[in-house]
Amino acid sequence: MKSILLSAVLFFAFNVFSVFAQDTTKVEIIIDCQNEGDFIDYYLLVQNFEEMEAVQGTIVWDADSLSFVEFENIGIPSFSSNNNLNLNEVNNGVLRFVWFNPGSVGATIPDGEPMFKLRFEINEGLGKVALTGDPVQLLFLDKDFEEVSLEISYGNACVISSINNLFPKDDVFFYPNPVIRGQELNLGSKNGPGEFQYYSIFSADGKMVYSAASTPSLMIIQLPQSLNPGNYFLQLQDKQNRTHTAQLIVE
C-alpha cells in the first residue's frame, strides 16, 4: 500500500510541476557501454546534473538480444532497485525508474560521472539500450521544480552483437572499407559463394536502415545512394543462421 501511495504522489508531483515547467538549463545524458565477455555494462553518464530534485524515465532494449542481469546505483542519492525501479517487465525489455529527492538542496553528479549502471547478458543478434519517455515520461526537475531540457547521445559504439554467433575471425571479409555510398561492397568467405542468406545495415545507434535477402551467388552488395556518410554496422547471416557483424564506414 505504501508503494502504491508513493507512486501516486510522485506521478501527481511530476505532472503538476511539468505544467508550470520552463527550460532553464540542459542536462546531457551519454549512454556508454563496456563489453565484459558474455556481458555488457551500460552507463548513463551525465553533464550539468546540478541540484536536481527528481528524475524519471524508461529504459528499453531488445529482450531477444540482451537479458537484464542487475542494476547498480552510482551517483543518485538514496536511489535503490527496491524503491525506485519497476522491474516487472525486464523480461520484455522494459525498465521504468523514478526518483524524488525530498531534501531542500538538489542532488549534483560531477560531469562525466554515471547516474547508474545496467548489466546485461548477451544473447544473440544486435543489441541496443535506449532511454525513452514511453510509457513513463522522461523528465528531469531542478531544485526549483522546473523541467530541464535533455540531450541524449551515445558514447562508445553501443550496438553489440552476440559473441556466440560471430563467424571465426578469418571466415569472412569485405572491402573496400571505407566505402563510397552507392558503391559496390565486395564480400569474401572461405566457404565460397552462397554462404550468406541475408544482409542488413544498421546505423550507429542501432536502427536498421537497409536489409535484403541475398541471391545464391551473392558476393557483392550494392550500397544504396540514400546512405548518409557516417559509421554503420554490416550484419551478414549465413545458412546456419549465424551472424557476422562488423563496422562499416560510408563516405
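The values are calculated or read from the model by the stated rules, or taken from the named source; none is laboratory data. All of these numbers come straight from a predicted model, not from anything done at the bench. Heads up, the Cβs are rebuilt from the backbone with ideal geometry, glycines too, and the neighbour counts pull from every protein chain shown.
Couple of notes before you dig in:
- Residues in segment 210-249 that are loosely packed, with under 14 Cβ neighbours inside 10 Å, closer than 23 Å to S153 by Cβ and at pLDDT 85 or above: N228, P229, G230.
Table: residues versus (1) surrounded by 15 or more Cβ atoms within 10 Å (Cβ to Cβ); (2) under 30 Å from E146 (Cα atoms); (3) modelled with pLDDT of 90 or more.
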position	(1), (2), (3)
V46	yes, yes, yes
F49	yes, yes, yes
L87	no, yes, yes
N91	no, no, yes
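- The one condition in (1) within 20 Å of the chain's Cα centre (by Cα); (2) modelled with pLDDT of 85 or more; (3) closer than 20 Å to L150 by Cβ that W99 fails to fulfil: (1)
- Strands (runs of 3 or more DSSP E) contained entirely in segment 23-130, each with at least 3 residues that are touching a residue at least 12 places away in the same chain (Cβ under 8 Å), of a type outside the set (S, T, N, Q) and on the phi < 0 side of the Ramachandran plot: 26-36, 39-47, 49-61, 66-73, 94-100, 114-122
- Among all positions in segment 104-113, there is at least one residue which is β-branched (V, I, T) and at pLDDT 80 or above.
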